[in-house]
Amino acid sequence: MERIIDKVNEPKDLKNLKPDELQQLAEEIRELLIDTVTQTGGHLASNLGVVELTLALHKIFDSPRDKIIWDVGHQSYVHKLVTGRKGRFDTIRQYRGLSGFPDPGESPHDPFGTGHASTSVSAALGLATARDLKGEDHHVVAVIGDGAMTGGLAFEGINNAGHLGTRLIVVLNENQMSISPNVGALAKYLNRLRADPRYHSAKAGVEHALLGVPLGRGLLQALKRLKNSLKGLVIRTMLWEELGFTYIGPIDGHDIDQLCETLTLAKVVQRPVMVHVISTKGKGYFPAEQDAIAFHGIPPNGSSKSSAPSYTRVFGDTVVKIAQQDSRVVAITAAMREGTGLDKFAASIPERFFDVGIAEQHAVTFAAGMAMRGVKPIVAIYSTFLQRAYDQLVHDVCSQNLPIVFCLDRAGIVGDDGRTHQGTFDLSYLRHLPNMTVMVPKDENELQHVLWTAMNVNGPVAIRYPRGAGVGVKLDEKPHSIRVGEGEVLRTGRDVAILAVGSTVHPALRAAEMLEKKGIQATVVNARFVKPLDVTLIVNLASRIRRLVTVEENILAGGFGSAVLELLEERRITGTVVKRIGLPDEFVEHATQQILREKFSLTADGIAKTVLNTYADLGGRSAPIALEGAS
């Protein structure tokens, strides 16, 4: 049988396909998704769930003239396949290959870059308003999942869109995940109805009358069932109509004919439209349908698994131990229970676990309210997502000096998810906040100890640690506290001092071993604290050795190295040369962690070469160093 997918390279190729051809194409695309993503790694379940929806959108609308925005963006693989990128699809999330998210620099069919949740409606409203101001005439469509609808920004956009009355289509893709966190307005409608005394009086009167007639009890039960089904439809419609939208749905997200028919209808409405679609995450691939969480994002086939536990797992295990000893401890996350390692906490101490949905701002202020009353919150959020709650960190937490422990998973270079997910700014955006303590453990064992330490700090604490497996060191059975602000000298040498934090500490140690073979003696310090710094230790090294190298997996602007320079300026220490190794003033693209660490000299080899190139008097600028065992 001839493959339809071989004839589809651009959206225009979908226009004349018959319904049975579109269905065949959907099946072929699913096969391609499964074959490719299981090899390259990436987001599988979410893309399998939007195959028919994507085809219907591109059949009915005219991209790139019409603008289609995907929220969160990880479900845009099918969109990429039918918008001229099929030939490069096997490079998705690979170094210098296709991004795993929409990227305007990659294709004109990507009108807005999306990587964080809940942004699509606001962005789409902006595009639609710009269209109207410029006198243009095209459609703007935002596709948002029920998970992303838990974010407050989504409702801010919806509220403003309803107020402006701008022509805009929002496709709400409910993929069988919990929608309860994002229907607070529905609860308000129901509560208002239930609180009305007239409602209760009429309800009681009807029930009394029916119970007094033959077959009345059966009729009453039938009416209750009808009421419940109609109530769901009426209340849902009322909500969107009250917000200024025309509501259409719900419709089957896997019925291409119905999708095309509905989207065609939505095109003619001259006001905001909400199209409610019901789909199945992982559709067409049984393992993904059965466990959409496990198949949300999968690693590349053949990727090696370390025997060392992940930082995420060590964090999760340690937090449970802490909570078992202190009944005041609670755990909070923003829709990342498994991703942050809090699934074990949720299972063992459910009454003290809170998943607030994709609502990082709320998570932080929610924790602040608890902390104000003596509860001890541990808030686990990916580094890149905590950026969204910066204002809450400033005003609700730090200004009140509240004892909350922020645990930043995926800090530093994350890898394949690319620039929207790299955790490369947290040391900079946290270090300058008054009252904030910033800890960076060198390995998974030290992560236990800094967590233990953080629980006894009378103020806000941030702990950042990388994605993936730990170093492989032995875990101490009993975590212990570390003196706040105290660094750790791991190796002594007279020629140069390497001050490293977090994931760069062990590479710094290996770099010192390589330098020793060149006759260069290096002191290596696990700084451990970015704020407060170990002032005594750093000042002593700067005054005595005079050659310092700072290493961090963070942007150089405002990071750990900047903190060291500021300290030397404050103490008026002159004559000391400081070389900072870190990330440049740019957004880091997608590639494996190893490739990116090599690119930015964050491996042992890179650190050693930087020392030699910076301090030529120690051994020459171009002395070659073997890569063996260096990374």
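Among the listed residues 484, 450, which satisfies the condition of being closer than 27 Å to residue 326 by Cβ, in contact with a Pro (Cβ under 6 Å, 6 or more places away or on another chain) and of a type outside the set (Lys, Arg)? Just a single option satisfies the conditions, and that option is 450. In the stretch 48-71, the qualifying residues are those that are crowded, with 24+ Cβ neighbours inside 10 Å and of a type in the set (D, E, K, R), and the one that is modelled with the highest pLDDT is 52.
This table checks each residue for (1) among the aliphatic types (A, V, I, L, M); (2) buried (at least 19 other Cβ atoms within 10 Å of the Cβ).
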site	(1), (2)
423	no, yes
430	yes, yes
435	no, no
442	no, yes
446	no, yes
477	no, no
488	no, no
494	no, no
504	no, yes
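Identify, from the list 364, 330, the residue that is in contact with a helix residue (DSSP H, G or I) (Cβ under 9 Å, 6 or more places away or on another chain), modelled with pLDDT of 95 or more and in a strand (DSSP E or B).
Of the residues listed, the single one that is in contact with a helix residue (DSSP H, G or I) (Cβ under 9 Å, 6 or more places away or on another chain), modelled with pLDDT of 95 or more and in a strand (DSSP E or B) is 330.
Entry remark, the stretch 161-172: residues being in a helix (DSSP H, G or I) and surrounded by fewer than 17 Cβ atoms within 10 Å (Cβ to Cβ) number 2 in total. On inspection, residue 471 passes the criterion of being modelled with pLDDT under 95 and β-branched (Val, Ile, Thr). Residue count for the stretch 243-260, restricted to those that are of a type outside the set (Phe, Trp, Tyr) and touching a residue at least 40 places away in the same chain (Cβ under 8 Å): 11. When 457, 473, 484 are screened for being of a type in the set (Val, Ile, Thr), part of a loop (DSSP other than H, G, I, E, B) and surrounded by fewer than 14 Cβ atoms within 10 Å (Cβ to Cβ), only 473 passes. Among the numbered conditions (1) closer than 22 Å to residue 588 by Cα; (2) surrounded by 24 or more Cβ atoms within 10 Å (Cβ to Cβ), the only one that residue 111 does not meet is (2). Only helices (runs of 4 or more DSSP H) whose full extent lies in the stretch 193-288 are considered here, and the ones with at least 2 residues that are exposed (fewer than 14 other Cβ atoms within 10 Å of the Cβ), at pLDDT below 80 and among the basic types (Lys, Arg) are 197-211, 216-242. Does any residue of the stretch 386-404 turn out to be over 17 Å from residue 459 (Cα atoms), touching a Gly at 6+ places or on another chain (Cβ under 6 Å), not in a strand (DSSP E or B) and not assigned by TED's automatic domain parsing to the domain that holds residue 529? Among the residues of the stretch 386-404, not one is over 17 Å from residue 459 (Cα atoms), touching a Gly at 6+ places or on another chain (Cβ under 6 Å), not in a strand (DSSP E or B) and not assigned by TED's automatic domain parsing to the domain that holds residue 529, which makes the answer no.
Among all residues of the stretch 548-558, there is none that is farther than 30 Å from residue 418 by Cα and either part of a helix (DSSP H, G or I) or assigned by TED's automatic domain parsing to the domain that holds residue 433 (or both). Go through the stretch 340-354 and count every residue that is over 11 Å from residue 381 (Cα atoms) and either touching a strand residue (DSSP E or B) at 6+ places or on another chain (Cβ under 8 Å) or not in a helix (DSSP H, G or I) (or both). Selection size over the stretch 340-354: 6. Scanning the stretch 315-342 for residues that are crowded, with 18+ Cβ neighbours inside 10 Å and either closer than 18 Å to residue 147 by Cβ or not assigned by TED's automatic domain parsing to the domain that holds residue 446 (or both) turns up 332, 333, 334, 335, 336, 337, 339, 340, 342.
When residues in the stretch 519-541 are screened for being in a loop (DSSP other than H, G, I, E, B) and small (Gly, Ala, Ser), 2 of them pass. Of all residues in the stretch 12-34, those being under 30 Å from residue 136 (Cβ atoms) and part of a helix (DSSP H, G or I) number 4. Given the conditions (1) assigned to a helix (DSSP H, G or I); (2) at positive phi, and given that residue 37 satisfies all but one, which numbered condition is not satisfied? With (1) assigned to a helix (DSSP H, G or I); (2) at positive phi applied to residue 37, the lone miss is (2). Within the stretch 33-53, being of a type in the set (D, E, K, R) and out of contact with any Leu (no Cβ under 8 Å at 6 or more places or on another chain) holds for one residue alone: 35.
Residue check: is residue 76 within 21 Å of the chain's Cα centre (by Cα), modelled with pLDDT under 90, farther than 18 Å from residue 282 by Cα and among the polar types (S, T, N, Q)? So residue 76 does not fit the description; no.
Please tell me if residue 101 is in contact with a Gly (Cβ under 8 Å, 6 or more places away or on another chain), part of a loop (DSSP other than H, G, I, E, B) and of a type in the set (Phe, Trp, Tyr).
Answer is yes for this residue.
Scanning the stretch 379-403 for residues that are touching a residue at least 60 places away in the same chain (Cβ under 8 Å) and farther than 19 Å from residue 358 by Cβ yields a total of 2.
Could you tell me which residue of the stretch 117-150 is nearest to residue 591 (Cα to Cα), considering only residues that are part of a loop (DSSP other than H, G, I, E, B) and touching a helix residue (DSSP H, G or I) at 6+ places or on another chain (Cβ under 7 Å)? Ranking the qualifying residues of the stretch 117-150, first place goes to 117. Taking the conditions (1) at pLDDT below 95; (2) surrounded by fewer than 17 Cβ atoms within 10 Å (Cβ to Cβ); (3) in contact with a Gly (Cβ under 7 Å, 6 or more places away or on another chain) in turn, residue 574 satisfies each one other than (3). Within the stretch 521-577, the set of residues being within 21 Å of residue 450 (Cβ to Cβ) and without any contact (Cβ under 8 Å) to a residue 12 or more places away in the chain comprises 536 only.
The values are calculated or read from the model by the stated rules, or taken from the named source; none is laboratory data. Values in this document were obtained by computation on a predicted structure and should not be read as measured data. A quick note on method: Cβ atoms are made from the backbone with ideal geometry, for glycine too, and the neighbour counts reach across all protein chains shown.
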